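Student: Below are the structure tokens for one structure; questions will follow.
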Amino acid sequence: MTIQNQRRELGRLQQLPTPDFSSVSGPSGRALAPLTGKTFASLTGGALAFARAGGIAIAHTPCMPKRPRYHSLVAWQRADDLFIRLHRLTRQHFSADERYELTAQLRRAAFSVPANIVEGTARHHPRETLQFLRMSWASLVETGYCLHVAHRLGYIAAALFDELDLEVRRVGAPLRGMIRRARLEAKERPSPER
């Protein structure tokens, strides 16, 4: 979307009447007052917005899915589980002096896998989706290497390393399938296997 189109859309949204949701109550039971002006107009996705003391609540409309699309993806589910497991593992098994080195790097790499799947599935152009899925793949490989280093340094036992390595491969299988499909949708010639 060009800047002119964005400005035109923002102007159109600002001219829309602000709905009155004074009869709607928030989670605490207090009535919610509608947002007005530019704040309301800047919200996207057809969301209805409410303001109340302490924050903003957004109600779903028929055009906004209640559950994001990525929740049903096996690759995302496994990557999300892997990140949570590795985050807990680094808190329990890694020494404090590794907090800003290997621990942080492993957490960033493991977090990047599901995060890039989420961002890739939110993109509308197939080439952008493919780009984010490839970044997710690269982060998964980096996660595997960080686990290898942790094993060699003695932070995790061989049995635990084998189990985590299997989990990394279990994330990689559906992710690789998603990359293949995205490549076909982007009509890109396959590159040699790495």
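The values are calculated or read from the model by the stated rules, or taken from the named source; none is laboratory data. Owing to the predicted nature of the structure, the values given are computational and were not obtained by experimental measurement. Don't worry about glycine lacking a Cβ; one is built from the backbone with ideal geometry, like all the others, and counts go over all protein chains shown.
Student: If a residue has to be touching a helix residue (DSSP H, G or I) at 6+ places or on another chain (Cβ under 8 Å), under 14 Å from A157 (Cα atoms) and polar (S, T, N, Q) to count, how many in the range 80-104 make the cut?
Tutor: Number satisfying all stated conditions: 1.
Student: Of these, V141, V168, which one is touching a Gly at 6+ places or on another chain (Cβ under 6 Å), under 25 Å from Q105 (Cα atoms) and at pLDDT 95 or above?
Tutor: Matching residue, one of V141, V168: V168.
Student: Would you point out which residue out of V118, V113, V149 is surrounded by fewer than 21 Cβ atoms within 10 Å (Cβ to Cβ), among the aliphatic types (A, V, I, L, M), under 19 Å from L175 (Cβ atoms) and in contact with a helix residue (DSSP H, G or I) (Cβ under 9 Å, 6 or more places away or on another chain)?
Tutor: Criteria check complete, one pass: V118.
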